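The values are calculated or read from the model by the stated rules, or taken from the named source; none is laboratory data. In this text the structure is predicted, and so the values were computed from the model without any measurement. Cβ placement follows ideal geometry from the backbone for every residue including glycine, while neighbour counts extend to all protein chains displayed. The area values use the complete protein model at the heavy-atom level, side chains included, leaving out ligands, DNA and RNA. Shrake-Rupley method; radii C 1.70, N 1.55, O 1.52, S 1.80 Å.
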Amino acid sequence: MSTAAKPELTGGRRIGVLVQHGFTGNPVSMRPWAEDLAARGYAVEMPLLPGHGTRWQDLNKVTWADWVATVEGAYDKLAAENDEVVAVGLSMGGALCLRLAADTGEGLAGIVIVNAAVDTMRKDVKLLPVLKHVVPGFPGIANDIKKPGADEHGYPTTPLKAAASMFAGYAELRKDLPRITIPVLFFRSADDHVVDLSSSRALNAGLSSKDFEERVLEDSFHVATLDNDAARIFTESAEFIERVTQRQQG
């Protein structure tokens, strides 16, 4: 999904929003949010990450670096066409937004992350560098959604080579969290069966942002963007985007 800005809806300025899905997911998980942002007048770029949206086996052929490059490309397009850019992401998409923030400095006006993953307490992750050569995949993590009938159409299997690359990327990202100084709004589900509290602890300990807020979602599981708290995420993220892009102007 790629939409142009409607500056007549955003105070005469062109504001771009990069919208990023997570690991083994695809833009389905983010489409309602992206459409809400577009309706508010924001330019939206919602890239499909390499290895996603096809077969889970394809994910084992790509790495964290490929996903970082895709996000950078979407950011460059938005930055060239708009006055300000904000990035929003779910799960690994949130981690990719954080990576972008660490790498671009003040280039982003702010980021909104939902159940962002940057760490894990799972012990088997330490075995991934060995397991990835033995086992192609583990059972999938898709559809951790409380709301009945919702479906993110994610992969049924978690590819281990890709997962190993992702967790290595998270380890590098944790070291670079102090480089992030821009405003960050962090939504976290109280009941998340995919991302545990170690990510929240890492963000609270690592980020240098003076404008950082963590808000707990009480009625959603991991894919909160398709869950019972989705409308709240859309409304509060729009308020955040309006505030941080106005502040940049002032």
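Quick notes on this one:
- 0 to 90° range, to nearest 10: angle between helix 197-206 axis and the chain longest Cα axis: 50 degrees
- Surface composition of the range 49-166: carbon and sulfur make up 57 percent of the accessible area, probe 1.4 Å.
- Additional length obtainable on full extension of the chain from Lys61 to Asp151, 0.36 nm per residue less Cα span: 29.9 nm
- Angle in degrees between helix 64-81 and the longest Cα principal axis of the chain, rounded to the nearest 10: 10 degrees
- For the range 1-64, the Cβ-based charge dipole about the Cα centre amounts to some 80 debye (Lys, Arg positive; Asp, Glu negative; other atoms uncharged).
- For the chain, a crude dipole built from +1 on the beta carbon of Lys and Arg and -1 on the beta carbon of Asp and Glu, taken about the Cα centre, is about 580 debye to the nearest 20.
- Exceeding the 22 Å Cα-Cα cut-off - candidates Lys77/Lys210; Lys175/Lys210; Lys6/Lys77: Lys77/Lys210
- Normalised by the number of residues in the range 82-171, the mean separation of alpha-carbon contacts (under 8 Å, six or more apart) gives a relative contact order of 26 percent.
- Cross-link partners for Lys126 among the aspartates and glutamates, with Cα-Cα distance under 18 Å and sequence neighbours closer than 8 places in the same chain left out: Glu172, Asp196.
- Probing with 1.4 Å while keeping every protein chain in the model, the per residue accessible area of the chain equals 42 Å².
- Compared with the alpha-carbon gap, the fully stretched path from Ala171 to Glu81 is longer by 29.1 nm at 0.36 nm per residue.
- Listed by chain and number, the lysines whose alpha-carbon sits under 17 Å from that of Lys132, ignoring those within fewer than 8 places in the same chain, are Lys61, Lys123, Lys161.
- The relative contact order of the chain comes to 21 percent, based on Cα pairs under 8 Å that sit 6 or more residues apart.
- Chain lengthening between Met1 and Glu218 when straightened (0.36 nm per residue, less Cα-Cα): 75.2 nm
- Computed across the range 131-250, the Kirkwood hydrodynamic radius from all distinct Cα-Cα pairs reaches 16.5 Å.
- When +1 charges are put on Lys and Arg Cβ atoms and -1 charges on Asp and Glu Cβ atoms, the dipole computed for the range 119-250 relative to its Cα centre reaches about 640 debye.
- Debye log10 I(q)/I(0) for the range 1-148, one point scatterer per Cα, at q = 0.15, 0.18, 0.19 Å⁻¹: -0.79, -1.07, -1.16
- The range 1-43 - percent of accessible surface contributed by carbon and sulfur, probe 1.4 Å: 51 percent
- For the range 1-126, the relative contact order works out to 27 percent when only alpha carbon pairs closer than 8 Å and six or more residues apart are counted.
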